[in-house]
1. Quick one: accessible surface of ASP272, probe radius 1.4 Å, all protein chains present, in square angstrom to the nearest 10.
2. For THR269, tell me the accessible area in Å² from a 1.4 Å probe, rounded to the nearest 10.
3. Setting aside same-chain residues fewer than 8 positions from LYS104, which lysines have a Cα under 19 Å from its Cα?
4. Assuming R0 = 25 Å, can you tell me the calculated FRET efficiency for the pair SER246 and GLN156, based on Cβ-Cβ distance, to the nearest 0.05?
5. To the nearest 10 Å², what's ASP207's accessible area with a 1.4 Å probe?
6. Fully extended, how many nm does the chain gain between HIS323 and SER100 (0.36 nm per residue separation, minus their Cα-Cα distance)?
7. What does the extension gain come out to for ASP313 and LEU194, with contour length at 0.36 nm per residue minus their alpha carbon separation?
8. Taking the Cβ-Cβ separation of ASP347 and VAL282 as r and a Förster radius of 22 Å, what is the calculated FRET efficiency to the nearest 0.05?
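The values are calculated or read from the model by the stated rules, or taken from the named source; none is laboratory data. These numbers were taken from a predicted model, which means no experiment stands behind them. Glycine also receives a Cβ, built like all others from the backbone with ideal geometry; neighbour counts cover every protein chain displayed. To get the accessible areas, we keep the full protein, side chains included, count just its heavy atoms, and leave off ligands, DNA and RNA. Shrake-Rupley method; radii C 1.70, N 1.55, O 1.52, S 1.80 Å.
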Amino acid sequence: RAGMSPVCVSVCPLQVSQGNVPGVESASLAMDTEEGVEVVWNEVLFSDKKVFKAQEDKIKEMFENLMQVEHPNIVKFHKYWLDMKESQARVIFITEYMSSGSLKQFLKKTKKNHKTMNVKAWKRWCTQILSALSYLHSCDPPIIHGNLTCDTIFIQHNGLIKIGSVWHRLFVNVFPDASVHGKGRQHRDEQRNLHFFAPEYGAGEDDYAIDIFSFGICALEMAVLEIQANGDTAVSKEAIVNAGQSLEDPLMREFTQSCLRHEAKLRPTAHDLLFHRVLFEVHSLKLLAAHCLINNQYLLPENCVEEKTKSFDPNAVMAEIKHEDRQGVQLKYSHVSPLELDKFLEDVKNGIYPLMNFASSRPHPVPRALSLSQEQVETVKTPTPEPQETETRKVVQMHCNLESNEEGTKTHLSLFLKMDDKLHRQLSCDILPTDTSKDLASELVHYAFINEVDIKASLFEEQCKIFELIR
């Protein structure tokens, strides 16, 4: 929760693992006493206070940037603060608690119960992981996770997958080893996880391909439940090949093999993989309608779904399929359970069923602290998104709203546009202190959200002036 402060979090003695990160001395289960939800309390200790003071501004900037990373399939970074004592300094940061454990734990439990992975669940989870990776890689500049394993992927009770340890690169690349107390375990050094890392990992030219390789191993382990290793040694290349060949579905086999190609440049992007034949499907009308409903909830009265379903005659026919040579099929309202509909809408809202076929290629403004160096950015293969088609409709009515968080570190902009065809469009985004109304308006035109003519219109100019005054 963005507004969380030190005084409303109580720490429990229970140690938890939410993805090992270098430098994190401890991770404990905590309770946000205001909201009554469990969170993870993480601590980074600095034995050299002089080094800490010298980097204090940089550390603050890094953590502020971390709070901007937001995606339904990424473990949420809630809050941080600095604590100075006589003997040492520490950074405390609060992250979302994943109560159902890691993907590795789930796979072990499934194998122990002599069960197999459900193909539908495998596809759904692959899609969610790729959705998160696609988000990270499409950021400007791109964010490389660099620590994706079955131990850093978590499952919620409702089946939602989230990847954690996104801040791993921050600790590896930013905090100097001399200033962080404790060595901290790194997955890279653990023999049992060596097979998750691409051959080129750590060679100085890491790009999205290292995450794709790691994802390929995760997808393979999800399918076979476990890639066998000899005792405590690392999983061999032969074991990985044998696990891949054991997949009966040729499309699943091709899918995982494409991720594990030795040459990084031959591996597909996360966005490409979302359109692979094994995952891609034409979305049902039900899913499209659910997303439309969720995205336009602000236009609908509260509990409208519940009230609407109550008013339906259960015996009324809502759809019918007719056949000339045989009896047709009738679908009645009684065939749809309101409880199932509510759960489905909740799952869509939580991000379990994303509309990946319509994923925007627009880059997300993201923290540079988590991204690559300038030299590395030049080598990244992520293409620059092309402008969308031009918007021909004109804006006839517009409302602009700005909201800041409690600390005043982040501002959220909401735009409500009424178009000349009487349809509505609602847009929202987090804006930076350096953003101007002119920049934002030009971006809206570039991505075909508004007509270029509207920028010069008196209505839009007036709103832009108000925007600058509020800022």
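1. The value for ASP272 is about 90 Å².
2. We get 30 Å² for THR269.
3. LYS112, LYS115, LYS120, LYS123, LYS162
4. On the way: r = 29 Å, r/R0 = 1.17.
Calculated value: 0.30.
5. 10
6. Numbers: separation 223, 0.36 × 223 = 80.28 nm, distance 4.76 nm.
Value of the extension gain: 75.5 nm.
7. Values: separation 119, 0.36 × 119 = 42.84 nm, distance 5.94 nm.
Extending this stretch completely gives an extra 36.9 nm.
8. Working: r = 19 Å, r/R0 = 0.87.
Approximately 0.70, to the nearest 0.05.
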